[in-house]
Amino acid sequence: MRKHIVAGNWKMNLTFTEADELLDELMSELEKVELPRDEQVIVCPPFPYIEMASDYANDSYFLVGAQNVSDKEKGAYTGEVSAEMLESCEIDYCIVGHSERRAYYGETDATVAAKVNQLLAHGLKPIVCVGEVLEEREANRQFDVVKTQVEGGLFHLDAEQIKQVIIAYEPVWAIGTGKTATADQAQEMHAHIRSLLAGKYGQEVADEISILYGGSCKPSNAKELFANPDVDGGLIGGASLKAADFMGIITAF
Ligand code: 13P
């Protein structure tokens, strides 16, 4: 059966010293709890701290993910980081298609598809973000918007490949706003995504794919969100920057 996952997306936050302190605190908290065997914690720091995070993680308490990857294989692309580089640093996951990258860096579903291909070719698991903006929800277009994103970013994959993918539903109006989707809104969209996957790949494959919720997820609402049958965990922004808050979400299952 699919995994429960809590992933922290640090975004562009923290200095080296602050990152070191947070990882240290997180490790000592994780040492104290016994997580269910089907639960996976992932930490996605900025690139410069990936090695430090890997050293802390030691593959036992959490796994490490990147926040971005190039859509190109290698070569003269100044400033870019390739999937091959991440593979060679033994990174396991990478976030793709975050709404901030779509909004500020012009990433499209085609970019997402190319990045997913790079990651899969190098043995990394993509965490693919989808989600509607406020105007789209107000116009009741959220299901169509997410369908287009899922199809455009992922439906070129075969069944074996799609099983490597984690999907994160992050309604843009809920990111960093303190406004969380209700448990019903999250469940409704997650069920929609799973039915899209089932339509394309069959129910058995769809049931193996973890679908995370992201957007102002905190210790106080994680339990209610994660209690839904199609909500398999969370992609956490702000609350992943404080060990106590992140732990409160990790232990919410
Ligand atoms: P917040 O948890 O800060 O709303 O961010 C969510 C997010 O964008 C995670 O990728």
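The values are calculated or read from the model by the stated rules, or taken from the named source; none is laboratory data. These numbers come from a predicted model, not from an experiment. Virtual Cβ from ideal backbone geometry, glycine too; neighbours counted across all protein chains shown. For accessibility, only protein heavy atoms count, side chains too; no ligands or nucleic acids. Shrake-Rupley method; radii C 1.70, N 1.55, O 1.52, S 1.80 Å.
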Item to check | Selection from segment 222-238 of residues that are surrounded by fewer than 20 Cβ atoms within 10 Å (Cβ to Cβ), within 17 Å of Lys179 (Cα to Cα) and more than 9 Å from the ligand (Cβ to nearest atom) | outcome: Lys223, Glu224
Next on the checklist: I'm told Leu241 meets every condition in (1) near the ligand (Cβ under 9 Å from one of its atoms); (2) open to solvent by 20 Å² or more (accessible area, probe 1.4 Å); (3) closer than 15 Å to Glu39 by Cα except one. Can you identify the failing condition by its number?
Outcome noted: (3)
Checklist outcome for this item: If you go through Ala244, Ala174, Ala198, Ala206, the only one that is closer than 14 Å to Gly8 by Cβ and either of a type outside the set (Asp, Glu) or at pLDDT below 95 (or both) is Ala244
Checklist entry - Of all residues in segment 57-107 being of a type in the set (Phe, Trp, Tyr) and in contact with a strand residue (DSSP E or B) (Cβ under 8 Å, 6 or more places away or on another chain), which is farthest from Leu30 (Cα to Cα)? => result Tyr93
Item to check | Residues being touching a His at 6+ places or on another chain (Cβ under 9 Å) and within 21 Å of Trp173 (Cα to Cα) - total across segment 215-234 | outcome: 6
Next on the checklist: Looking only at strands (runs of 3 or more DSSP E) that lie completely in segment 1-85, which have at least 2 residues being in contact with a Gly (Cβ under 8 Å, 6 or more places away or on another chain) and within 30 Å of Lys223 (Cβ to Cβ)?
Outcome noted: 4-9, 39-44
